[in-house]
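The values are calculated or read from the model by the stated rules, or taken from the named source; none is laboratory data. It should be emphasised that the depicted structure is a prediction, and the values quoted were computed from it without experimental measurement. Neighbour counts are summed over all protein chains in view; Cβ atoms, including those assigned to glycine, are modelled from backbone coordinates with ideal geometry. Remember, those area values only see protein heavy atoms, side chains included, never the ligands or the DNA or RNA. Shrake-Rupley method; radii C 1.70, N 1.55, O 1.52, S 1.80 Å.
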Amino acid sequence: MDFENIFKAKLATLHEGGNYRVFAELERKAGDFPKAKRFIDDSVQDVTVWCSNDYLGMGQNSKIRDAMHEAIDRCGAGAGGTRNISGTNHEHVLLEKELADWHNKSSALIFTSGYVSNWAALGTLGSAIDGCVIFSDALNHASMIEGIRHSRAEKQIWKHNDPNDLDRLLSQYGPEVPKLVAFESVYSMDGDIAPIAEICDVADKHGAMTYLDEVHAVGLYGPRGAGIAEREGIMDRLTVIEGTLGKAVGVMGGYIAASENLCDFVRSFASGFIFTTAIPPALAAGATASIKHLKTSEIERVRQKQRVAQLRSLLDAKGIPHMSNPSHIVPVMVGDAAKCKYLSDLLMDQYGIYVQPINYPTVPKGTERLRFTPTPMHSDDDMNHLVNALSDLWSQCALSRAVA
């Protein structure tokens with residue numbers, strides 16, 4: 001069998017549909033976020049990054065960099081192995097204590113990424129609790145979906161952010177059936193926010209556990225930056241809060257925060273935790289320093305909200321259509337995969353603006369978009385340059401403008 005032709009044919013379909021992903025080769029400039037260098041063959045181009053999930057620029061913060069340097073000098077580079085054999089470092093323990101405090105839980109458990117934490121935690125809870133049924137929001141992230149699939153537990157998919165539909169599905173199971181409701185706080189493509197309290201009301205009514213993915217909210221919302229559940233004063237109502245260290249925290253890794261027994265349960269049964277090398281101590285030290293800073297500093301969050309509001313206002317003034325939502329994510333709607341990719345390429349090549357096209361299957365066909373994430377470090381000049389470039393290209397591509 002000619003496997004190479006199979007690969008080529010499958011890749012060709014992506015190219016034809018405008019869905020083939022091209023990775024930009026970038027080098028972030030330490031201390032000068034969101035500026036970066038783009039490497040193209042033998043040349044270098046200065047660009048401004050507009051699609052980073054380092055939402056607050058904490059990956060460039062001197063406190064985090066200093067903490068990581070110090071940890072490398074003290075501990076070395078790697079963790080030394082899996083947590084259960086030789087890789088549990090003092091920095092891991094300190095980070096887990098910091099995370100538990102952040103989310104007002106008695107315990108926390110760190111993983112190598114947010115993807116792995118969802119996959120391992122949901123997969124373990126669903127498989128190791130006999131007869132568990134998982135109720136998953138229709139727009140949950142791929143990592144949550146994979147974890148639920150891996151668990152082989154029975155699943156029910158409820159309409160996105162619809163507590164009434166969740167109640168309908170939960171009502172089909174008696175009180176003797178273990179139930180887990182899995183959903184997100186901020187959904188990363190549309191930027192909408194879940195009605196967490198109402199979902200908890202429904203879950204409580206049916207005696208179900210609740211699993212909240214806060215990866216796009218931690219660091220950004222709440223008086224100490226612990227997420228939407230903290231902002232709304234309902235962290236105690238969630239059985240599990242899952243998050244990432246690779247977005248607003250600015251480093252790398254994932255985690256869950258929950259009761260001591262639940263975290264120990266996942267630690268003891270999750271293959272995605274047991275059989276993988278622990279994150280380096282320096283990453284853990286950097287994450288701890290970042291969280292400590294975000295617990296007390298409002299400067300980054302206030303500035304980011306101002307930047308988001310300013311970008312939306314400038315887009316409105318030029319008639320550039322963007323999806324309205326209450327979060328920090330600004331999706332500019334294109335509605336065509338080929339044009340979305342074309343716009344992204346022109347923004348990079350002609351204007352030094354880096355934003356990735358978001359096409360199917362990440363979003364439904366016909367809703368293709370450019371997803372902008374303004375940070376506290378984007379200047380007024382950055383904002384004006386971006387919006388003027390978009391306006392020029394909107395005319396060049398004969399795209400419709402929003403009516404004021």
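A few comments on the model shown:
- Candidate aspartates and glutamates - alpha carbon under 14 Å from K10, same-chain residues fewer than 8 apart omitted: D2
- Here is how the number arises for the chain: DSSP H runs of 4 or more residues each give -39500 (n - 2.57), the sum is divided by the residue count, and the result at 222 nm is -13000 deg cm²/dmol.
- Reported to the nearest whole Å, the Cα centre-to-centre distance from the stretch 229-259 to the stretch 108-161 is 15.
- Taking all protein chains together, K63, K35, K10 sort by accessible area into K10, K63, K35, largest first [probe 1.4 Å].
- Relative packing of peptides 258-264, 277-283 - highest average C-beta neighbours within 10 Å first: 277-283, 258-264
- Ranked by the mean number of other Cβ atoms within 10 Å per residue, highest first, peptides 38-44, 220-226, 361-367 order as 220-226, 361-367, 38-44.
- Of all accessible heavy-atom area on the chain, the percent that carbon and sulfur account for (1.4 Å): 53
- Net dipole in debye of the chain [+1 Lys, Arg Cβ; -1 Asp, Glu Cβ; about Cα centre; nearest 20]: 220
- Spatial separation of Cα centroids for the stretch 25-88 and the stretch 328-404, in angstrom: 26
- Per-residue SASA entry for T13, accessible area with 1.4 Å probe, Å² rounded to 10: 80
- Note on the stretch 198-347: with charges restricted to the Cβ of Lys and Arg (+1) and Asp and Glu (-1), its dipole about the Cα centre is near 640 debye.
- Note on the chain: dipole from Cβ charges, positive end direction compared against G31, Q396, H150; the farthest Cα belongs to Q396.
- Dipole of the chain computed with +1 at Lys/Arg Cβ and -1 at Asp/Glu Cβ about the Cα centre; of Q306, L262, G76, farthest Cα towards the positive end is Q306.
- Gyration tensor verdict on the stretch 181-315 (Cα atoms; rounded if a/c is under 1.5, prolate if a/b is larger than b/c, oblate otherwise): oblate
- Amide N of the stretch 323-344 lying under 11 Å from the label point, which is placed 7 angstrom from the Cα of Q396 along Cα→Cβ: 342-344
- Three-way shape call for the stretch 1-148 based on the alpha-carbon gyration tensor, with the a/c threshold at 1.5: oblate
- Placing pseudo-labels 7 Å out from each Cα toward the beta carbon at K292 and E154 gives an inter-label distance of 4.9 nm.
- Solvent-accessible heavy-atom area per residue, rounded to whole Å², over the stretch 80-208 at 1.4 Å: 41
- Remark: the I234-I6 segment gains 77.0 nm on full extension, using 0.36 nm per residue and subtracting the alpha carbon distance.
- If both residues of a DSSP beta bridge must be in the stretch 92-232, then about 5% of such bridges are antiparallel.
- Pairs exceeding a 27 Å alpha-carbon distance, out of K205/K295; K8/K339; K35/K341; K105/K179: K205/K295.
- Whole-Hz ³J(HN,Hα) from phi, Karplus 6.51 cos²θ - 1.76 cosθ + 1.60, for the stretch 205-219, glycine and proline x: 4, 9, x, 9, 6, 10, 10, 10, 8, 10, 4, 9, 10, 4, x
- Magnitude of the charge dipole, the stretch 1-157, Cβ model with Lys/Arg +1 and Asp/Glu -1, debye to 20: 200
- Global form of the stretch 205-258, assessed from the alpha-carbon gyration tensor, a/c cut-off 1.5: oblate
- Highest mean packing first, where packing is the average number of other Cβ atoms within 10 Å per residue, the peptides 313-326, 181-194 line up as 181-194, 313-326.
- Working from Cα pairs under 8 Å separated by at least six residues, relative contact order for the stretch 266-404 is 26 percent.
- Between the residues A287, V355, T48, the greatest Cα displacement towards the positive end of the dipole of the chain, with unit charges on the Cβ of Lys, Arg, Asp and Glu, is found for T48.
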